[in-house]
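Supplied in structure tokens, the structure appears directly below.
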Amino acid sequence: MQINTKNIENKIVEFQTGNQTKARVDGVWYKADYLGYEGAAEYVASSILKYSNIKNYVNYDLCNISYMKEGEINISMGCKSDDFMKNYPEGSEFVPLDEFFELELDIDIVEMLEDMSTEDAIKSVVGMIEGITGKEDVGAYITSILEFDTLIMNEDRHFSNIGLIKTPDGTYEYAPIFDNGASFLSDMQVDYPINKDTWGLINSVTFKPFDLNCDKQLDICHKLYGQQLNIKDMPGNLIDEDVINKVRATYGEKIANRIEYVFDHQRQLYGEYFNNKKMENHQILDNDKNIAENKNMEKEDNYEYEI
């Protein structure tokens, strides 16, 4: 990742260019939208997490970002968040899982898992982390991340945005959940154009990091480690009105409506995450199409294994 000096909100900062342009200013990270409405996705995702039993997460807010690039002023919508490293002892560092495995075991974790079954891959990752860190609830931690990713349709969870915090004494802590910008079909430029049917796009989404089928990796995690995510006291189990209205005012009606549609679809499909109230057979009634669907029929890539 290249680091250049750019100007953002009238301040000279370290500017990082990856898939999304981002900068750290006075302990706050600013991240510009790249393929669509990543900022809105981050903002809505963190607004949902506040009702959950997951307390270790990064809170995002919407913002406009202006910066100099190649001599021209660029203005972009995006999001901002406090640098979560401020919550850890000085000298601590965030270690993504891909770097963790390379550092501790000298292995390329992606390459290692390529030929493994989904279940063996999950067991291997969890077992190695537990063996190195001494933690006994790694499976629960990984499961909670995958559950939330499924609920918000975050298609870009990988071993660079799941990680651990290494403290100065050499011990490891869990990093907060962050980087949810690829949720809610936010990639309008390539995969999910805003003029396409949302229902059809939902069924085309593939997931990471253990299997393209979110239900397959989730069901294995549930078999091994149990359900973890619980969302309660969320009014109507809907996105907060002030949150979605802020998205609507910033990004427009179509994007706000799509985010609401995606969450409503997933909320009905995975009702067991709300107040521990399980929906038998994961059946939903789609409000717009009035068609009852079973989640196991929504993926063309069906799977079979024993539980």
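The values are calculated or read from the model by the stated rules, or taken from the named source; none is laboratory data. Not measured: the values here are computed from a predicted model. Note that we place each Cβ from the backbone using ideal geometry, even for glycine, and neighbour counts take in every protein chain shown.
Quick check: is even one residue across segment 236-255 of a type outside the set (Phe, Trp, Tyr), modelled with pLDDT under 95 and either in a helix (DSSP H, G or I) or buried (at least 20 other Cβ atoms within 10 Å of the Cβ) (or both)?
Among the residues of segment 236-255, at least one is of a type outside the set (Phe, Trp, Tyr), modelled with pLDDT under 95 and either in a helix (DSSP H, G or I) or buried (at least 20 other Cβ atoms within 10 Å of the Cβ) (or both), which makes the answer yes.
Still on this structure: Which pairs turn up if I take residues in segment 95-124 that are under 14 Å from His158 (Cβ atoms) and look for partners that are of a type in the set (Phe, Trp, Tyr) with beta carbon separation below 7 Å, at least 6 apart in sequence or on another chain?
What qualifies is Pro96/Phe159; Leu97/Phe159; Asp98/Phe159; Ile109/Phe101; Ile109/Phe159; Val110/Phe159; Ala121/Phe210.
Can you pull out the residues in segment 102-139 that are hydrophobic (A, V, I, L, M, F, W, C) and farther than 14 Å from Ile162 by Cβ?
Leu103, Leu105, Ile107, Met112, Met116, Ile132
Then there's this: I want to confirm something. Restricting to segment 159-178 and keeping residues that are in contact (Cβ under 8 Å) with a residue 60 or more places away in the chain and out of contact with any strand residue (DSSP E or B) (no Cβ under 6 Å at 6 or more places or on another chain), which single residue is farthest from His265 (Cα to Cα)?
Checking each candidate, the answer is Pro168.
Mind counting the residues in segment 37-60 that are out of contact with any helix residue (DSSP H, G or I) (no Cβ under 6 Å at 6 or more places or on another chain), of a type outside the set (Ser, Thr, Tyr) and not in a helix (DSSP H, G or I)?
Qualifying residue count for the region: 4.
In segment 98-117, which residues are surrounded by fewer than 14 Cβ atoms within 10 Å (Cβ to Cβ) and of a type in the set (Asp, Glu)?
Asp106, Asp108, Glu111, Glu114, Asp115
Do you know which of the residues in segment 5-26 that are more than 22 Å from the chain's Cα centre (by Cα) and surrounded by fewer than 15 Cβ atoms within 10 Å (Cβ to Cβ) is modelled with the highest pLDDT?
Asp26
Among the residues of segment 140-187, write down those that are polar (S, T, N, Q), out of contact with any helix residue (DSSP H, G or I) (no Cβ under 6 Å at 6 or more places or on another chain) and crowded, with 23+ Cβ neighbours inside 10 Å.
Ser144, Asn154
For the structure I just gave you, tell me whether Thr206 is in contact (Cβ under 8 Å) with a residue 60 or more places away in the chain and touching a Leu at 6+ places or on another chain (Cβ under 8 Å).
no
Name the residues in segment 225-235 that are modelled with pLDDT of 95 or more, under 15 Å from Asn53 (Cα atoms) and not hydrophobic (A, V, I, L, M, F, W, C), would you?
Those that are modelled with pLDDT of 95 or more, under 15 Å from Asn53 (Cα atoms) and not hydrophobic (A, V, I, L, M, F, W, C): Gly226, Gln227, Gln228, Asn230.
Given the structure, is Ile220 assigned to a loop (DSSP other than H, G, I, E, B), over 18 Å from the mean Cα position of the chain (by Cα) and either of a type outside the set (D, E, K, R) or surrounded by fewer than 17 Cβ atoms within 10 Å (Cβ to Cβ) (or both)?
Considered against the rule, which asks whether it is assigned to a loop (DSSP other than H, G, I, E, B), over 18 Å from the mean Cα position of the chain (by Cα) and either of a type outside the set (D, E, K, R) or surrounded by fewer than 17 Cβ atoms within 10 Å (Cβ to Cβ) (or both), Ile220 comes out as no.
Do you know which residues across segment 61-83 are modelled with pLDDT of 95 or more and assigned to a loop (DSSP other than H, G, I, E, B)?
Asp83
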